[in-house]
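Please read the structure below before turning to the comments.
The values are calculated or read from the model by the stated rules, or taken from the named source; none is laboratory data. These numbers come from a predicted model, not from an experiment. Quick reminder, even Gly has a Cβ in these numbers, built from the backbone with ideal geometry, and neighbours come from all protein chains shown. Only protein heavy atoms, including side chains, enter the accessible area calculation; ligands, DNA and RNA are left aside. Shrake-Rupley method; radii C 1.70, N 1.55, O 1.52, S 1.80 Å.
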Amino acid sequence: MIDQPWRRSPEQFAAHVEQSLEWVVAHMRAAGSRSPWSPLQPGELAARLPNGPPDGPVPLEDVLADLQEVIEPGLVRWDAPGWFAWFPSNAHPDAILGDLLASVTAQQGMLWASSPACTELEGRMLEWLRLAMGLPERFAEGGPGGGVIQDTASSGVLACMVAARDRATDGAATQRGAAACGELAVYASEQSHSSVLKAAGICGIGRDHVRLVPTRDDFSMDPRAAAEMMSKDAAAGRRPVFCCATVGTTGCGAVDPVSDLGRICGDHQCWLHVDAAWAGTAALAPELRGPVVAGAEDADSWSFNPHKWMGAAFDCCCLWVADRRPLIDAMSIEPEYLRNSATDSGGVIDYRDWHIQLGRRFRAIKLWLLLRCTGVSAIAEMVRFHVSLAARLEAAVEAHSHLALTAPRSLSLCCVHHMDGDQATQRVIDRVNADGRFAVTHCRLQDRLSMRVAIGTLAVDQDTVDALIEVLEEGDPGPEAASIA
Ligand SMILES: Cc1ncc(COP(=O)(O)O)c(C=O)c1O
């Protein structure tokens, strides 16, 4: 028995894990047993929590009882079979084990010296994924570039924009601040993720200097418009510094023409970043890979989120750069307390120089568990299954006289609208969400409201998709039905 009340023996910890596992298993089993959305109103959960912390210890069984009573109703079941909202955020059990090991080993991987395991496993996991996804040699481990895990795609785009800004201004933006960014411009399509605008605001280029390039009929970036905008800026003395191409846009999964953008960016020495946050996982299936990785050989950086479709449990974003120097030039600061002989040797990677924050979690271990215990071919199989379910939904929508696809199906994402207009589409969305089995969200495409059905949760099956199709086939419930509901 240890008499220091803050400590737990390994045996006590094991007993607590066993106790908690009962809740975990019951929670996992209950994934489809209630509406995926939380029934709570704003403030309801906080009102059930004490205003301050307890002074002494509370038995774990009491905490677990509160977990079920107070916290569970506030959980949104992203793991429900009928979860079709936003994009999936899968936590595969093998990755959950990896997350547990990351906490148990308590690594802090800011430097090679602070955790050789975190650093070297990460480099190798990014290389495994690069090979499994067919990404080009220019991102390879051991070359001038390499891979790094960021917390999110938003952080990845910010890190790359900072590096591009630093490269274009020869370090002046990093040294002298926003004043040195006055002549820079960023490009992304009208359908690109809001993280591009956010990053431009944060890094001093400014949201006003982000050019939202018009899209073509399929909602992908129009490369001719991008070229014209860059040339116009360059002629006016404003330097095209960063272009974000999206492979799988958030709204409808459109794929920007990365190869064309590579050529155009090359003319302006503009950094080309590829954001494949959701769709990147599909590159694990060889027959789906082509459009996902097309043009990657011309990109300065390429990223995707294994925490979305692949199952790596939030958070985990893989980012590859063709040349790590600009990132390191922009990010590296060496206070005395971090100096060590491994860094001084120049022969190791210190990942703190590859992103915004200093400290970093041991995220590579969940990729290691997932890639070894589940394996690439099973993940590819899952992707194929989800794509086939989306094709089934697509066929049902096409056969229905009142529904239509607002954009071409992209992998496992369908965007659907009602022919009678936005109000009818909204009623269909509301009815699907009120059904209790499903969760869907919306997007706006060419000013038309559309219901997004993003198929990709680990638990989804054909019966659930068929049940959704049945609800959709009932059509518009009409304004009166909606008001009664
Ligand atoms: C295309 C795209 N990029 C970036 C993001 C942002 O992802 P994160 O939450 O990892 O920053 C999303 C989120 O859905 C996305 O769809």
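Computed values, structure above
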{"read-out": "Heavy atoms of Leu49 accessible to a 1.4 Å probe, total area in Å² rounded to 10", "value": "80"}
{"read-out": "Kirkwood Rh (inverse of mean 1/r, distinct Cα pairs), the range 376-484, angstrom", "value": "14.2"}
{"read-out": "Values of log10 I(q)/I(0), in the order q = 0.12, 0.14, 0.23 Å⁻¹, for the range 273-333 under a Debye, Cα-only, solvent-free model", "value": "-0.34, -0.45, -0.94"}
{"read-out": "Accessible surface of the range 108-361, 1.4 Å probe, proportion on carbon and sulfur as whole %", "value": "51"}
{"read-out": "Cut-off under 5 Å, modelled amide H: who pairs with Leu184 long-range", "value": "Arg239"}
{"read-out": "Protein-only accessible surface order, largest first, of Lys198, Lys232, Lys308 at 1.4 Å", "value": "Lys232, Lys198, Lys308"}
{"read-out": "The range 376-484, dipole about Cα centre (Lys/Arg Cβ +1, Asp/Glu Cβ -1), debye to the nearest 20", "value": "420"}
{"read-out": "Radius ratio Rg over Rh of the range 162-274, counting only Cα atoms, Kirkwood formula for Rh", "value": "0.96"}
{"read-out": "Interatomic Cα distance distribution for the chain, bins of 10 angstrom, percent", "value": "4, 18, 26, 25, 18, 7, 1, 0"}
{"read-out": "DSSP-defined beta bridges in the range 108-361 - what % are antiparallel, rounded to 5", "value": "40"}
{"read-out": "Span-rule helices in the chain, defined as complete DSSP H runs reaching 27 Å or more along the axis (Cα) with Kyte mean at least -1.0", "value": "10-29, 376-399"}
{"read-out": "Sequence-distant lysines (8 or more away, or on other chains) whose Cα lies within less than 26 Å of Lys308", "value": "Lys198, Lys366"}
{"read-out": "Stretch gain in nm, segment Lys232-Glu72, where the contour uses 0.36 nm per residue and the Cα spacing is subtracted", "value": "52.2 nm"}
{"read-out": "Size-normalised alpha-carbon gyration radius of the range 108-361, reference 2.2 N^0.38 Å", "value": "0.97"}
{"read-out": "Sorted peptide list for 160-171, 355-366, criterion being average Cβ within 10 angstrom, highest first", "value": "160-171, 355-366"}
{"read-out": "Order by protection proxy (mean Cβ within 10 Å, highest first), peptides 320-330, 132-142", "value": "320-330, 132-142"}
{"read-out": "Where the Cα pairs of the range 291-365 fall when distances are cut into 10 Å bins, in %", "value": "15, 40, 33, 12, 1"}
{"read-out": "P(r) weight above 17 Å for the range 26-144, C-alpha pairs, percent", "value": "74"}
{"read-out": "Rounded to the nearest 10 Å², the accessible area of Ser154 at probe 1.4 Å", "value": "50"}
{"read-out": "Distance between modelled label sites at Asp430 and Ala65, nm, 7 Å Cα→Cβ extension", "value": "4.1"}
{"read-out": "Antiparallel content of DSSP bridges confined to the chain, in %, to 5", "value": "60"}
{"read-out": "Cβ-placed point charges (K, R +1; D, E -1), dipole of the chain about Cα centre in debye, nearest 20", "value": "920"}
{"read-out": "Unit charges at the beta carbon, dipole of the chain: most positive-side option, Ala178, Ala322, Met161", "value": "Ala178"}
